[in-house]
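The structure under discussion appears below in the form of structure tokens.
The values are calculated or read from the model by the stated rules, or taken from the named source; none is laboratory data. These numbers were taken from a predicted model, which means no experiment stands behind them. In this analysis, Cβ positions are derived from the backbone assuming ideal geometry, glycine residues included, and neighbour counts consider all displayed protein chains. SASA here: full protein model, heavy atoms, side chains in, ligands and nucleic acids out. Shrake-Rupley method; radii C 1.70, N 1.55, O 1.52, S 1.80 Å.
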Amino acid sequence: MSYLQDLIAFFEDSGIADSIRENDILFPTIESVHVIAICLVIGSILVLDLRLLGFASTNRPVGRLSRAVLPVTWGAFAIAVSSGFLLFISNATKYLANGYFDAKLVLICAAGLNMIVFHAISAKDLPQWEKQKSPPLRARIAGALSILLWIAVVACGRWIGFTMQVL
Ligand code: HEM
């Protein structure tokens, strides 16, 4: 077995994974936390993306809005990832065999890459355009791509439950 398979088996056979699997309350409770955290991640990112598209909060400079919103995004993201990981270890082998689960993780990485490229490249000259009602095209593209990617993440997340192999 490869190192990754060993690691997955280690988590899937752990006591905590067992408790989540065996307990009727734990999985839905953790999934509720996952859904609430996701709402905060997507909701806060949407505020910034709609500003980048020039559709909302156009009287607020992008930099100030970003500083106000991103701490909420990162905090909620940490909760979404930790709760998602707990759900995952309860049935790791089956989730990895689920195409929607795999696609969701790839899309989350793509959304992260889009954010890194925006902050590292597109926003390098932010002070020059952050007060513009309609930001430069590269910023609007980053905002639109972000919205499309997160919608796809949520759709894949939802489809996992409908397509999981029960047995
Ligand atoms: C911010 C990033 C994330 C978003 C937006 C997201 C989105 C979702 C959504 C919309 C659902 C369906 C919830 C429902 O309908 O009840 C879901 C379920 C799930 N997510 Fe995530 N997720 C994220 C991160 C993660 C991560 C990092 C993992 C694992 C490492 C993960 C593992 C799962 C699992 C295992 C389920 C349960 C599927 C089921 O059996 O119903 N999620 N996620």
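What the table below lists for this structure:
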quantity: The chain: DSSP helices with Cα axial extent of at least 24 Å and average Kyte-Doolittle hydropathy no lower than 0.5; calculated: 26-52, 62-89, 99-117, 137-163
quantity: 1.4 Å probe accessible area per residue over segment 2-163, in Å²; calculated: 57 Å²
quantity: Length added when fully stretched, LEU70-ASP18, from 0.36 nm per residue minus Cα-Cα; calculated: 15.2 nm
quantity: Highest average packing first - 136-143, 52-59, Cβ atoms within 10 Å; calculated: 136-143, 52-59
quantity: Charge-dipole axis of the chain as Lys and Arg at +1 and Asp and Glu at -1 on Cβ define it, positive-most pick from LEU48, ALA76, ILE36; calculated: LEU48
quantity: Inter-probe distance in nm under a simple model that places probes 7 Å from Cα toward Cβ, at LEU50 and PHE85; calculated: 3.2 nm
quantity: Segment LEU4-LEU148, extension gain: residue separation times 0.36 nm, minus the distance between their alpha carbons; calculated: 48.8 nm
quantity: GNM top mover of SER134, SER44, SER146 - the chain, alpha-carbon springs below 10 Å; calculated: SER134
quantity: Additional length obtainable on full extension of the chain from ARG158 to VAL35, 0.36 nm per residue less Cα span; calculated: 43.3 nm
quantity: Segment 2-163: mean projected area of Cα convex hull, nm²; calculated: 10.3 nm²
quantity: Whole-number percent relative contact order across segment 2-163, with pairs defined as alpha carbons under 8 Å at least 6 apart; calculated: 32 percent
